[in-house]
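Encoded as structure tokens, the structure appears first; notes follow it.
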Amino acid sequence: MARNHELNPSDSKETNPLLRKTIATLTIAAASILPLSACGETHSESTPDTTTSTAQETQNPASTLSPTPSPEASTTKTEKNIPQEIIDKYKDVNLSGIRGLLEKEKSGEEVSYNEWQVNLVDLVNKTTPDENAKVVTDENGLIKTTHDNLAEDMNSATLNNIYSILYTGAIYKDSQLYNHPLSAKEAEEFKNHVLDTMTGQAHSLFKALLEPGKDNYASLFNITPSDLILTVKFTSSGKDGTYATYVFDPSYKTDKCSVAGNIADCKTEGYPRRGVDTPETQMVVNVKHANSKGEPTSTDMVFRAFTDGAFPENASDLDKPGIEPANKVWYDNRFSFGNEEILTTVTLGGASKLTKESFDKEFLIQNGKLMAPSDIPGIDKPEN
């Protein structure tokens, strides 16, 4: 059952063709992540129809390092059964902060969303060699910025967020397979907190990709976190150098669970929608990883992220999962014209492998205008 998991939402029991396509994209991405590879590797697996859209599924022998043990089975493994290469992969990854939060929760203590945000940002800051992805936050994991600096600050925050989900995929996969660097049960809890930083299509996609007990995982996650350096091929921009804002199709002709569509509405029923004035950062990045055979390859990925913001006196508005937007600040003259300092955080809303299908669709924002990836110099047409 060859299926291509693209980074687009959908491979769950909600039979949504676009979702399936996304998981196909997921699979492509999952093919990169699972068995997703830049060349559209095949990956075999039955992915839940969570909101991933745009993709074809592919067969993935790489993900099938061996049948993936269930979390229960994984936890019985002893360290001597962990391959040395897996131990070496995480020798430069400091998970003490993450483990500390997991222990607090295990003991019954309540851990806030902001506490997780601080540690997720810190994990990337301490692991990545990419200086562009390192961000400075306050004690709540929030970034201080102004109207004039928002675009630049959110570019770094979005890049940090992208590294975070790729690290999570690698940690989750290896913990399920080898009980390292976390136990399978710890990895499950960790994953859920990372999913809390997402919304829309991206949340659906990664929820579908990261599941316990799979017999394979996207090859996109075949990375060594401390060695990974992303190549940014495109970053969105607004008119006259300002930040770009979310554009959605009111006619809903585009699939809301496709990375090229109304991503903010993908499986977010019951939550306030993000409006057209919501700042959005888009990036096309090249991810170098190993394919299902362990051979080096790379994949062009599209990521879309929303910025949530609040004035300092309303900082508590940001202590909540990414699916719940904080929109009010964007309509306040203190921010728009007074250039007053605000606190911000990033919510990943869209992610997918760049595919032939999305290559010619106008959804990227450059200088305030919608453009297709095919219009951007340096972005090559995908093979599938």
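The values are calculated or read from the model by the stated rules, or taken from the named source; none is laboratory data. Just so it is clear, the model here is predicted, and its values are computed rather than measured. A quick note on method: Cβ atoms are made from the backbone with ideal geometry, for glycine too, and the neighbour counts reach across all protein chains shown. Surface areas here come from the heavy atoms of the whole protein model, side chains and all, with no ligands, DNA or RNA. Shrake-Rupley method; radii C 1.70, N 1.55, O 1.52, S 1.80 Å.
Here residue 280 passes the criteria (1) crowded, with 21+ Cβ neighbours inside 10 Å; (2) among the acidic types (Asp, Glu); (3) at pLDDT below 95; (4) within 21 Å of residue 143 (Cβ to Cβ) except the one numbered (3). When 298, 258, 292, 237 are checked against the criterion of being open to solvent by less than 50 Å² (accessible area, probe 1.4 Å) and touching a Gly at 6+ places or on another chain (Cβ under 8 Å), 237 stands alone in meeting it.
Only one entry of 262, 291, 222, 286 meets the criterion of being among the polar types (S, T, N, Q) and touching a Phe, Trp or Tyr at 6+ places or on another chain (Cβ under 9 Å), and that entry is 262. For region 323-342, the condition of being closer than 21 Å to residue 198 by Cα, at pLDDT 90 or above, of a type outside the set (Lys, Arg) and open to solvent by 40 Å² or more (accessible area, probe 1.4 Å) holds for at least one residue.
Among the residues of region 285-298, not a single one is within 19 Å of residue 245 (Cβ to Cβ), in a strand (DSSP E or B) and not β-branched (Val, Ile, Thr). Selection of first residues in region 162-179 that are open to solvent by 10 Å² or more (accessible area, probe 1.4 Å) and of second residues that are among the small types (Gly, Ala, Ser), restricted to Cβ pairs under 6 Å at least 6 apart or on distinct chains, gives the following pairs, ordered by first then second residue: 179/74. For region 124-151, give me each residue that is touching a residue at least 12 places away in the same chain (Cβ under 8 Å), open to solvent by 10 Å² or more (accessible area, probe 1.4 Å) and among the hydrophobic types (A, V, I, L, M, F, W, C). Matches in region 124-151: 135, 143, 151. Scanning region 278-322 for residues that are among the aliphatic types (A, V, I, L, M) and within 16 Å of the chain's Cα centre (by Cα) turns up 283, 284, 285, 287, 301, 302, 305. Can you confirm whether residue 204 is buried (at least 23 other Cβ atoms within 10 Å of the Cβ) and assigned to a helix (DSSP H, G or I)? Yes. Considering the conditions (1) surrounded by fewer than 23 Cβ atoms within 10 Å (Cβ to Cβ); (2) closer than 26 Å to residue 187 by Cβ; (3) of a type in the set (A, V, I, L, M, F, W, C), residue 218 is excluded by exactly one of them, (1). Mind checking which residues of region 343-379 are over 26 Å from residue 322 (Cα atoms) and of a type in the set (Ser, Thr, Tyr)? If the condition is that a residue be over 26 Å from residue 322 (Cα atoms) and of a type in the set (Ser, Thr, Tyr), then 355, 374 are the ones that fit.
Hey, can you tell me all the residues within region 189-201 that are open to solvent by 40 Å² or more (accessible area, probe 1.4 Å) and touching a residue at least 12 places away in the same chain (Cβ under 8 Å)? Selection gives 189, 196. Hey, can you tell me all the residues within region 89-129 that are assigned to a helix (DSSP H, G or I) and either more than 20 Å from residue 163 (Cβ to Cβ) or of a type in the set (Gly, Ala, Ser) (or both)? Answer for region 89-129, where residues must be assigned to a helix (DSSP H, G or I) and either more than 20 Å from residue 163 (Cβ to Cβ) or of a type in the set (Gly, Ala, Ser) (or both): 96, 97, 100, 102, 103, 104, 105, 106. Among residues of region 356-380 being open to solvent by 50 Å² or more (accessible area, probe 1.4 Å) and in a loop (DSSP other than H, G, I, E, B), the one that is farthest from residue 245 (Cα to Cα) is 380.
Residues in region 261-271 that are surrounded by 15 or more Cβ atoms within 10 Å (Cβ to Cβ) and assigned to a loop (DSSP other than H, G, I, E, B): 261, 262, 266, 267, 268, 271.
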